[in-house]
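S.K.: Okay, handing you the structure first.
We did not get these values from a lab; they are worked out from the coordinates using the rules stated. All of these numbers come straight from a predicted model, not from anything done at the bench. Positions of Cβ are backbone-derived with ideal geometry, glycine not excepted, and every protein chain shown enters the neighbour counts.
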Amino acid sequence: MRDVLERQRARAVEAPYVVIQHYLADGFVPVPQAGYVVGRTMFETDSLPPNWVARCNEMDELWVPSEFNRETFRRAGVRVPLHLVPGGIDSNLYRPDVAPLRIRGLRGTVFLSVFEWRARKGWDVLLRAWADAFSASDDVTLLLRTHAKRIDATDEPARAVDDRIDAFLRDACGRTRADVAPIVILGDDLPADAMPSLYTTADVFVAPTRGEGWGRPFMEAMASGVPVIATRWSAHLEFMNDENSLLVDSDGLVAAAAPDATVYCSQRWASPNVADLVSKLRWVHAHPALRRAIGARARQDMVALWPWSRAAVAMADRLHDIAQTISRSPAPMADQTPCSLAPSRPTLYESLLIHADVFRTGTSAVGVEPLLTALVDELGAAVRVRPSPRPLQRPSHGLPVSKLWATAVSTASAGASAGATANDVTMTWLSRHDVSTPGKPTAGAWIVCTGDRVRQRVPDALIVALCAADAVWVPHRAAYHACVTSGVEESRLWVMPFGTLADVETPDAARFAPPPGVSTVVLLPVCDESDIAPADLVLRVWQRAVLAESPVRLQLLVPADAGGVVAAWAESMQQRMREGRLGPGLTVGVLITECGDDMLPSLIRSADVVVAPGAVAMSVWQIALACGRPLIVPASTDATALLDGTGAWMVNCGANGMMSGLELGMALREACNESGHSVRAQAARTHAESIPTWKTIARCVAERVDQLCAATGASVAGGA
């Protein structure tokens with residue numbers, strides 16, 4: 001506690017504002033310019049990953065939604081103060097009188113489950129219990145709103161789930177689909193505004209989860225008046241009990257075996273009791289009046305006890321206490337702006353920089369926006385709350401230049417009238433805020449750099465931040481056009497150049513050296529399940545179309561946190577190579593790496609060509625160019641804008657979005673034969689030499705910040 005207070009007081013003299021970071025804890029970063037930094041997060045097991053603990057302890061305090069979270073975080077080694085800020089539900093949006101969806105194939109009592117096809121969600125427990133509870137003659141239906149990422153480009157989402165269900169019923173239950181009551185799949189994306197209608201389509205919501213950080217779909221169903229069957233363990237017990245729900249007993253905690261999420265290694269979660277789930281499925285089907293009573297009680301509790309205003313009050317109370325803590329910090333020096341904050345909530349004046357993740361709304365709408373709305377209502381109009389993208393993403397292909405970028409910007413800003421802080425996803429300039437007079441406009445400017453989070457479209461949760469920003473900086477033209485389409489004025493947009501990597505050290509180069517006798521190394525990143533189908537295409541084309549002059553090494557880059565499906569696919573590639581099924585002259589290596597810091601430049605420099613056929617981040621393209629390596633990529637507007645004249649092979653795509661096999665084969669043949677490769681490689685090296693240094697870019701950044709300050713009339717005295 002003492003080190004937290006000392007750290008906070010030392011910063012308070014410089015910048016009296018609070019930063020709240022809402023994200024997975026491994027994305028938390030210290031913000032030295034802030035007076036106080038709060039992390040808001042949650043987790044689903046009985047402990048935390050080690051890197052979560054370290055990042056949590058860099059915050060001044062943590063906000064978690066439940067006592068379950070508070071206990072598990074403390075037990076895992078989190079030392080900073082932990083406070084409860086619960087979730088909430090909009091009971092005016094989710095309510096029983098919403099018109100249901102029309103879905104073919106439903107009959108009798110409809111059991112709904114909403115989840116991503118992950119081991120933690122207990123889909124196997126649900127299917128096993130369903131097979132035991134009901135036969136094909138029972139008047140019931142299991143409706144699954146779920147999706148499994150495609151592992152074959154020809155599969156449709158619902159078909160992929162159907163195939164997995166058929167396989168599980170056959171292999172684990174000894175049954176076929178014809179033996180059990182109907183199972184209907186909604187595998188396509190469902191708009192967020194259709195979710196309330198989905199819940200009222202059901203008679204019962206069921207989710208034998210192995211662990212939840214909160215359980216938002218449970219709340220949505222309960223607010224809709226639908227009784228919920230869920231496991232008697234983890235954070236959702238904060239709002240679920242035996243009066244408003246049907247809780248399934250657990251057989252205790254077991255090792256969290258999750259091939260689809262290695263983040264749970266060395267932790268434990270619940271083992272839902274299948275027999276108890278079977279009993280509750282049968283009971284709720286046989287007692288319609290009683291289940292409706294449970295749903296009504298659930299609705300009553302959601303309306304009375306869990307509105308978003310409750311969470312907003314909890315946040316406001318903490319911000320009030322934080323403001324008083326900062327105001328008691330040592331007096332500032334004479335040449336610094338006073339930093340005391342008004343201690344009373346009605347006149348509290350702060351700039352709250354809410355760092356919210358660019359969420360993917362999968363199973364349900366994310367509750368950041370309604371929480372911020374409720375907070376503004378609670379604190380009053382004097383407080384401005386500005387969402388922004390999260391400041392640091394998990395280890396990914398965007399990170400290798402982050403330290404270099406941050407150092408360059410900070411160095412260039414040192415002598416400028418405006419200070420800057422930077423990282424790979426968000427660059428934010430912040431001047432000192434004048435808080436001496438409540439209600440006085442905040443001095444300064446707000447710049448958001450989207451990083452690679454924006455490609456063809458702007459995520460919904462980021463639009464508010466971009467439209468509120470004084471300036472928006474993007475890494476390429478695709479992000480530029482996406483921002484314009486979302487309503488960002490072109491006058492506030494700037495395409496920020498990418499810098500050279502000539503001075504980046506590449507340790508462990510020997511680790512990635514090809515075996516003796518290999519003439520060409522091709523790097524093929526496979527980051528997640530969506531990359532498997534295009535990677536498979538590369539291998540199929542290679543087998544039938546590539547006749548290399550000498551042995552070729554294909555390096556499959558698999559991030560360590562990519563998930564079990566990707567790892568299993570990579571292992572199958574090695575097996576196919578051992579069995580000689582990949583064609584003559586080709587060897588395959590699998591590199592499983594964290595891909596953080598300077599690892600990716602090392603990997604790219606060890607290769608002669610980089611093939612990026614799938615959903616690989618554009619930063620991979622940029623790093624390959626900066627390293628002077630030619631690329632093979634799908635042809636697109638983005639590729640033409642960024643890669644024209646760089647020696648890249650741009651392969652046209654068919655109607656299914658996959659690269660043309662014929663053109664891909666020609667590109668691979670040329671890339672793997674010295675005569676065809678040399679010209680392209682020289683063009684890539686020439687382009688790399690023309691890329692500006694990070695020092696040059698940083699000076700440009702500082703100049704643009706000064707121009708923005710002048711244009712907005714922002715005070716820059718004592719910049720951050």
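S.K.: Between the stretch 43-103 and the stretch 176-233, what is the separation of their alpha carbon centroids in Å?
M.R.: 20 Å
S.K.: Quick one: which residues, 5 or more positions from Q555 or on another chain, have an amide H under 5 Å from its amide H? H modelled 1.01 Å from N in the peptide plane, none for Pro or chain starts.
M.R.: Close amide H contacts, sequence-distant or interchain: V522, L523, L524, G589.
S.K.: Further question: Along the Cα-to-C-beta direction of L290, a point sits 7 Å from the Cα; which residues of the stretch 127-146 have their amide N less than 19 Å from that point?
M.R.: Answer for this model: 133-134, 139-140.
S.K.: Still on this structure: Quick one: Karplus J couplings for the stretch 274-285, per residue in order, coefficients 6.51, -1.76, 1.60, θ = phi - 60°, nearest Hz, x for Gly and Pro?
M.R.: Those phi angles translate into 5, 4, 5, 5, 4, 4, 6, 4, 5, 4, 5, 6 Hz.
S.K.: A further question follows. Mind listing the long-range amide H neighbours of H22? Cut-off is under 5 Å, sequence gap 5 or more, other chains count too, H placed in the peptide plane at 1.01 Å from N.
M.R.: Excluding prolines and chain starts, which carry no amide H, the hits are R40, H355, A356, D357.
S.K.: Let me ask another. Mind checking the dipole of the stretch 109-305: about its Cα centre, +1 per Lys or Arg Cβ, -1 per Asp or Glu Cβ, Debye to the nearest 20?
M.R.: Details: 22 positive and 27 negative charges, 58 e Å.
Charge dipole, the stretch 109-305, about its Cα centre: 280 debye, nearest 20.
S.K.: Between T693 and A568, what is 0.36 nm times their sequence separation minus the Cα-Cα distance? Round to one decimal in nm.
M.R.: On the way: separation 125, 0.36 × 125 = 45.00 nm, distance 4.01 nm.
Going from the current span to full extension adds 41.0 nm.
S.K.: I need the phi-derived Karplus couplings for the stretch 219-228: 6.51 cos²θ - 1.76 cosθ + 1.60, θ = phi - 60°, integer Hz, Gly and Pro marked x.
M.R.: For the stretch 219-228, the Karplus-derived couplings read 4, 4, 5, 5, 5, 7, x, 9, x, 10 Hz, x marking Gly and Pro.
S.K.: Just to be sure I understand the model, the point goes 7 Å from the Cα along the line to the Cβ. What's the resulting R75 to S266 distance in nm?
M.R.: 1.7 nm
S.K.: How large is ³J(HN,Hα) for each residue in the stretch 679-693, as worked out from phi by the Karplus curve 6.51 cos²θ - 1.76 cosθ + 1.60 (θ = phi - 60°), to whole Hz, x for Gly and Pro?
M.R.: 5, 5, 4, 5, 4, 5, 5, 4, 5, 4, 5, 8, 6, x, 6
S.K.: Still on this structure, I have one more. Got the relative contact order for the stretch 109-305 handy, in percent, Cα pairs under 8 Å and 6 or more residues apart?
M.R.: Numbers: 363 pairs, mean separation 47.0, N = 197.
Relative contact order of the stretch 109-305: 24 percent.
S.K.: Given H placed on each backbone N at 1.01 Å, which residues far from V651 in sequence or on other chains put an amide H within less than 5 Å of it?
M.R.: V633, A635
S.K.: Please label the shape of the stretch 109-305 as rounded, prolate or oblate, based on the square roots a ≥ b ≥ c of the eigenvalues of the alpha-carbon gyration tensor (a/c under 1.5 means rounded; beyond that, a/b larger than b/c means prolate, else oblate).
M.R.: On the way: a/c = 1.35, a/b = 1.21, b/c = 1.12.
Rounded, because the longest to shortest axis ratio a/c is under 1.5.
S.K.: Grab the Cα-Cα distance for A99 and Q324, subtract it from 0.36 nm times how many residues apart they are, and report the gain in nm with one decimal.
M.R.: Numbers: separation 225, 0.36 × 225 = 81.00 nm, distance 4.81 nm.
In short, 76.2 nm is gained.
S.K.: What is the order of F205, F68, F168, fewest Cβ neighbours within 10 Å to most? Walk me through the intermediate numbers first.
M.R.: Numbers: F205 27, F68 23, F168 16.
Placing the least packed residue first, the sequence is F168, F68, F205.
S.K.: Could you calculate the contour length gain from R540 to A257, that is, 0.36 nm times the residue separation minus the distance between their Cα atoms, to one decimal place in nm?
M.R.: Details: separation 283, 0.36 × 283 = 101.88 nm, distance 3.26 nm.
Contour length minus the Cα-Cα distance gives 98.6 nm.
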